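Asks: Handing you a structure now.
The values are calculated or read from the model by the stated rules, or taken from the named source; none is laboratory data. These numbers were taken from a predicted model, which means no experiment stands behind them. Neighbour counts are summed over all protein chains in view; Cβ atoms, including those assigned to glycine, are modelled from backbone coordinates with ideal geometry.
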Amino acid sequence: MKNKTLVTGIAALSTLLCSHAYASSTTISTKYEQTFRENQDYKVKFGVGHVFDNDIGIAFEHQRRWRDEVSGRPELAENLFGLGYTYTLDEAKRWSIQPKIEYKFNPGSETARPMLRLNYRLSDDWRLGARYRYEYQTFSEGGGVRSRVNRFDGYVGYALTDRIGLAWNASYAYVLGDSGSMYTGNSDRWEHEFGAAYRVNAANTLALTYKRKDETRDSATYNAGKNNDAVQVTYSYRF
């Protein structure tokens, strides 16, 4: 039987809490992400998450960021806290649902992100999932309109072998009312993530994610009208 934890993990590489919890465990992860066009963007992330025996999970991620020609050293980009719970819907454990709340602190702003994810184990090899997330900016330095965003995600995970897993995450988001715009210059955007993970052993996993982004607004200072895609490398240690 192919490793279920591997498939579940890479199907949501942007999160620290697994979609299915089989026993109490702690995961520590480090991530490096960068873009490749002009004014390149670099991010370093450190996260830790724990899933308890009762399927409640907690997580924290710290992110630092720097850009060419803007800042020459890593600066605070984000602190993220998460709390989630996984509930199995059937005896065969094919269906599960996960309510979760995240709260993130960015320089000059804070955002609450409640969400609900539905997971389905199609077979020992395939996993499917869908998620709705609502983002509400609770604090904005200097006042003004606080952004509100609806986001919808679809997940597909496949265990190629006992050690190698593949994943695809499609994401669509749009702003509500007159609460701002996306980096596209419009009220909505599409993004895709393509991931591959290699389970070195029961504790160590390496993953590579390619992030395909929509075109940046034509009036942007950097990368105007271009797809400023990114690549992320992840190392996770689970115990």
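Asks: With the requirement that a residue be within 18 Å of Leu116 (Cβ to Cβ) and either of a type in the set (S, T, N, Q) or in a loop (DSSP other than H, G, I, E, B) (or both), what does the stretch 149-162 give you?
Replies: Asn150 - this is the single residue of the stretch 149-162 that is within 18 Å of Leu116 (Cβ to Cβ) and either of a type in the set (S, T, N, Q) or in a loop (DSSP other than H, G, I, E, B) (or both).
Asks: Quick check: is even one residue across the stretch 170-182 of a type in the set (D, E, K, R) and either at pLDDT 95 or above or closer than 21 Å to Glu38 by Cα (or both)?
Replies: No.
Asks: Based on this model, can you work out whether Arg133 counts as basic (Lys, Arg), touching a residue at least 60 places away in the same chain (Cβ under 8 Å) and surrounded by 13 or more Cβ atoms within 10 Å (Cβ to Cβ)?
Replies: In short, no.
Asks: Same structure again: Enumerate the pairs (first residue in the stretch 112-124 and closer than 18 Å to Leu89 by Cα; second residue anywhere and of a type in the set (Gly, Ala, Ser) and part of a loop (DSSP other than H, G, I, E, B)) with beta-carbon separation below 9 Å, excluding pairs fewer than 6 apart on the same chain, so at least 6 apart or on different chains.
Replies: These pairs meet every condition: Arg117/Ala12; Arg117/Ser19; Asn119/Ala11; Asn119/Ser19; Arg121/Ala92.
Asks: Can you confirm whether the stretch 110-133 contains a residue that is part of a strand (DSSP E or B) and among the β-branched types (Val, Ile, Thr)? So that I can check it myself, show each step before the final result.
Replies: Initially, the stretch 110-133 is screened for residues part of a strand (DSSP E or B), giving 110-121, 126-133.
Okay, now just the ones that are also among the β-branched types (Val, Ile, Thr), so 111.
Looking through the stretch 110-133, at least one residue is part of a strand (DSSP E or B) and among the β-branched types (Val, Ile, Thr).
Asks: If Gln40 passes every condition in (1) in contact with a Leu (Cβ under 9 Å, 6 or more places away or on another chain); (2) under 28 Å from Val175 (Cβ atoms) but one, which one does it miss?
Replies: All conditions pass for Gln40, except number (1).
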